[in-house]
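The values are calculated or read from the model by the stated rules, or taken from the named source; none is laboratory data. Please read all numbers here as calculations on a predicted model, not as lab measurements. Reconstructed Cβ throughout: ideal geometry from the backbone, glycine too, with neighbour counts over all protein chains shown.
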Amino acid sequence: MLLREVEYARPSTIEEAISLLAEHDGARALAGGQTLVNVMKQRAAAPDVLVDLADLDELRTIGFSVDGMLEIGSMVTSTQLTASSEVDVARPVLAEVAGTIADVQVRNRGTIGGNICVNDPTNHLPPLLVALDATMTIRGMAGERTVSAEEFLIGVYVTAVGEGELLTKISVPTRKPGTGDAFQGITLGAHGTYVCNAAATVGPGGVRIALGCVSSAPVRALELEERLAAGDFSEGAVRAAAAGLGASLDPPSDVHASADYRRHLAEVSAVRAVLQAAERAKG
Ligand SMILES: Cc1cc2nc3c(=O)[nH]c(=O)nc-3n(C[C@H](O)[C@H](O)[C@H](O)COP(=O)(O)OP(=O)(O)OC[C@H]3O[C@@H](n4cnc5c(N)ncnc54)[C@H](O)[C@@H]3O)c2cc1C
């Protein structure tokens, strides 16, 4: 289907992009276009102006902040994440997971910023970034602010990015010695969409677990985190701690899985993710 007529702008600075977004009520940032262009074709979104971020090289960088956080520009693609030596050193699970998103065409165009701004409950990166305790930097005419991944991811297509604002970077704590990260779940076929997933990090700072596909935004498994705080990551202990996790959730039913089946999958995914993260934490 052809796109509805739309104005197109390709700013060369972040400031210009922000002022274009702020000037036009119906303006939308265009990153890799992998979701936005599809929803425009389906007439589910009809922005008046597309503000293409393609020339903003500043948003395509991966590096480290002075305090050692891994800093990823919002226009970094899944393919870039997969190939980055900085990611490999600081938080390799990001590369591992990005490398399993959809197919090579989607990974070459789709960006980390677009992935989390869409916040589709089945997307790989939202729960992973919650488990990794990432921070998002948002810039607007009034300046810059940072929010945690949990505060950022509000609902499907709803994030902390307001009108006239841009997500500029994602900051992820560098993995400390004795820390392990993992991402586990059940997909529809190899590299397919997730029916349910769980991300976990286990380390000296404690345990963080985030579940995907069970609500409109990732859900922290706080009770399970507390139960595991004593540090027993034997299979029996983790399974016992996760028992009842599903009952605390209110996941959707759809053509791929009933709510009950998703409750079960959430428990299974969380156990697998914690066990793998704990194993990796051993070094
Ligand atoms: C066939 C197919 C299968 C897919 N399967 C999966 C999957 O299994 N798992 C998965 O995780 N992902 C999947 N994706 C999603 C893909 O990985 C991309 O993350 C997603 O399409 C959006 O990224 P994008 O860069 O293309 O964003 P766009 O489509 O350009 O933008 C998406 C939305 O985010 C907004 N946006 C983008 N960047 C910014 C920014 N910096 N600041 C503010 N707003 C911004 C846009 O305005 C728009 O509303 C799939 C995509 C396709 C086409």
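So in the range 121-136, with the set limited to residues that are within 9 Å of the chain's Cα centre (by Cα) and near the ligand (Cβ under 9 Å from one of its atoms), which one is nearest to GLU225 (Cα to Cα)? Working first, answer last.
The initial filter retains those residues of the range 121-136 that are within 9 Å of the chain's Cα centre (by Cα), namely 123-130.
After this cut, where a residue has to be near the ligand (Cβ under 9 Å from one of its atoms) as well, the list is 123-126.
Working: ASN123: 22, HIS124: 21, LEU125: 20, PRO126: 18 Å.
The extreme case among them is PRO126.
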Condition first: away from the ligand (no atom under 16 Å from the Cβ) and within 16 Å of the chain's Cα centre (by Cα). Can you find one or more residues in the range 174-182 that meet it? yes
From the set of residues in the range 41-53 that are near the ligand (Cβ under 9 Å from one of its atoms) and more than 15 Å from MET75 (Cβ to Cβ), which is modelled with the highest pLDDT? PRO47
Need the failing condition index for ILE72 against (1) touching a Ser or Thr at 6+ places or on another chain (Cβ under 8 Å); (2) within 9 Å of the ligand (Cβ to nearest atom), just the number. (2)
Taking the range 189-214 as the region of interest, how many residues are within 16 Å of the ligand (Cβ to nearest atom) and either out of contact with any Phe, Trp or Tyr (no Cβ under 7 Å at 6 or more places or on another chain) or part of a strand (DSSP E or B) (or both)? 15
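Among the residues of the range 163-185, how many are assigned to a strand (DSSP E or B) and not polar (S, T, N, Q)? Talk me through it step by step, then tell me what you get.
Start the filter on the range 163-185 by keeping residues that are assigned to a strand (DSSP E or B), which leaves 166-172, 180-185.
Pick out the ones that are also not polar (S, T, N, Q) and you get 166-167, 169-170, 172, 180-183, 185.
Qualifying residue count, the range 163-185: 10.
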Could we say that ASP67 is free of Cβ contacts under 8 Å to residues at least 12 places away in the same chain, in contact with a helix residue (DSSP H, G or I) (Cβ under 9 Å, 6 or more places away or on another chain) and away from the ligand (no atom under 11 Å from the Cβ) here? no
Filtering the range 23-34 for residues that are more than 12 Å from the ligand (Cβ to nearest atom) and surrounded by 16 or more Cβ atoms within 10 Å (Cβ to Cβ) leaves a count of 1
Test: residue in the range 110-120 that is under 22 Å from ALA200 (Cβ atoms), in contact with a Leu (Cβ under 6 Å, 6 or more places away or on another chain) and among the charged types (D, E, K, R): no
Go through the residues of the range 11-23 one by one and say whether even a single one is closer than 21 Å to ARG109 by Cβ, modelled with pLDDT under 95 and over 23 Å from the mean Cα position of the chain (by Cα). no
Need pairs with beta-carbon distance below 8 Å; first residue within 22 Å of LEU132 (Cα to Cα) and of a type outside the set (Ser, Thr, Tyr) and within the range 180-191, second near the ligand (Cβ under 10 Å from one of its atoms) and assigned to a strand (DSSP E or B); sequence gap 6+ or separate chains. PHE183/ASN197; GLN184/ASN197; GLY185/TYR194; GLY185/ASN197; GLY185/GLY212; ILE186/TYR194; ILE186/ASN197
